[in-house]
1. For the range 1-15, check the following and say yes or no: at least one residue is of a type in the set (Lys, Arg) and either in a strand (DSSP E or B) or surrounded by 12 or more Cβ atoms within 10 Å (Cβ to Cβ) (or both).
2. Being in a loop (DSSP other than H, G, I, E, B) and touching a helix residue (DSSP H, G or I) at 6+ places or on another chain (Cβ under 7 Å) is the filter; apply it to the range 18-58 and report the residue that is nearest to Val76 (Cα to Cα).
3. Any idea how many residues of the range 16-49 are in contact with a Gly (Cβ under 8 Å, 6 or more places away or on another chain), loosely packed, with under 14 Cβ neighbours inside 10 Å and of a type in the set (A, V, I, L, M)?
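Just so it is clear, none of the values below were taken in a lab; they were calculated from the coordinates. All values derive from a computational prediction rather than experimental measurement. Note that we place each Cβ from the backbone using ideal geometry, even for glycine, and neighbour counts take in every protein chain shown.
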Amino acid sequence: IKKQQQDVLGFLEANKIEFEEKDIAANEENRKWMRENVPEDSRPASGNPLPPRLFNDSRYLGDYEAFFEARENNAVYAFLGLTAPPGSKVGVHVSHTKP
């Protein structure tokens with residue numbers, strides 16, 4: 001989980017994409033919010049959804065695998081629901097959860 005979080009954060013920072021981290025390990029309210037806002041069809045068969053989970057405001061975007069696939073396909077801005085800056089491959093507010 002930690003490696004995936006670092007991968008997402010490193011990518012966002014390197015591409016100057018503004019984001020907000022929400023620590024779910026130290027904040028019960030953040031943990032509850034994440035669990036309530038991950039759609040039913042994106043939850044594991046048993047247990048709770050694990051981070052990292054990405055949101056644009058309160059709109060659920062996906063988990064690490066979805067982010068990784070978008071990055072591999074040069075579709076991160078579309079995945080994040082952002083408009084890509086001119087001349088870029090890879091916006092402007094993304095909420096991110098972490099344990």
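1. no
2. Here the residue is Pro52.
3. 0
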